[in-house]
Each structure stands twice: as structure tokens, then as C-alpha cells.
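Quick notes on the structure that follows.
The values are calculated or read from the model by the stated rules, or taken from the named source; none is laboratory data. Please read these numbers as outputs of a predicted model, since none were measured by experiment. Heads up, the Cβs are rebuilt from the backbone with ideal geometry, glycines too, and the neighbour counts pull from every protein chain shown. Just the protein is used for accessible areas: all its heavy atoms, side chains included, with ligands, DNA and RNA removed. Shrake-Rupley method; radii C 1.70, N 1.55, O 1.52, S 1.80 Å.
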Amino acid sequence: MLRLDEAVAEGLRAEELDPLNGFAKSITAEALMNAHWYDEALQKLDEALELDPDHGGAYIYVAAIRNLQGRPEEALEAARRAARRTGADAGQILVLQAWSHALLGDGERALQVMDQALELRGPIATASGYAIVLQVLGREDEALREHPRFRAIRQGMGL
């Protein structure tokens, strides 16, 4: 709903209620990231990782922020750390890695990794990640024309 100030405030309130909860700090970080307050988000993620160095979700957010900042090498390292700590979000981690490879100019590797994510999570779960990767590679038109989810939507609409 893009009520980002409220989201940040609610995250901070959750931290007040449970200051030793790394998950609450990660949720605050997500709100800060969505508000484009990347340095503040990274600070919250550092706090979360101090409390729980194995918190894979925190590394996922670090990877996303580093990609948003144009620092794909650091994003890849954070994604690797997330992958070592969690298997549940493997599809999301693959999408982050594909995005990083696209930012690094390795389109072939980006699409290979994205194919792995599509196989693991399916087209609906990875639609936005696929679109981001194609956009970074300068192939925006394909994001809407070729992605399986968008094809299915067009077919359902008779387009």
C-alpha cells in the first residue's frame, strides 16, 4: 500500500517490544529498504545478524540492497551466505544471484541462474525477478512478451 512511514514505525515499535528479536529488525530493514533508506536498512540488518549470525533472511535483504545500490559483487556474497543458512528461500536466492550476474554484465549466467529459479519455484513465484533480470539486460520487451506468467495472463484474457 506504499505507506512506508507507517511500515517503518510499526517495525520500530516491534523492536521496542522485543529488542532481542532479529526477525523484527529484519522486518524494519525491509520497510527501510522499500523506502529507499538503504544505509539505515543495512544498519538494522547488521543488528539482526549480531543477534543471530545464522539469520538467512537478513542476508537475503542485504543481497537485495547491494543490488539496488549497484554493488553486485557484495550482493553475490550475501546471497551465498543466505544460501548456506537457508534452503527454504532458495528460489529467492537464485533470483538475487541472477540479478547480480545481470548487473555484472554476464547475461548468459544470469539467464542460466534464472532458469534454475523458474524450475525450482515456478513462473508465478519468480515473475518479478525474471522481469528485473531482463530489464537489467536491456530486454524489457521480453519481460512482458515471453515470461510464462504473462503469457498465461494474456491467454486467459484472450490476447
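Values as computed for the structure displayed
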| item | result |
| --- | --- |
| Principal semi-axes in Å for segment 36-87 [√(5λ), Cα gyration tensor, largest first] | 16, 14, 7 |
| Label-point gap, in nm, between LEU20 and ASP54 - each point 7 angstrom along Cα→Cβ | 1.7 |
| Among (i) 15.9; (ii) 15.4; (iii) 16.4, the entry derived from the coordinates for Kirkwood radius over Cα pairs in Å | (iii) |
| ASP106, ASP5, ranked by accessible area, largest first (probe 1.4 Å) | ASP5, ASP106 |
| Degrees separating the helix 22-34 axis from the principal Cα axis of the chain, which is the longest one | 50 |
| Sequence-separation-based contact order of segment 65-122, relative, with Cα cut under 8 Å and 6+ spacing, percent | 33 |
| Summed side-chain charge close to ARG66 - residues other than ARG66 whose Cβ falls under 9 Å, Lys, Arg +1, Asp, Glu -1 | -2 |
| Rounded, prolate or oblate (a/c below 1.5 giving rounded, otherwise prolate when a/b exceeds b/c) for segment 44-124 by Cα gyration tensor | oblate |
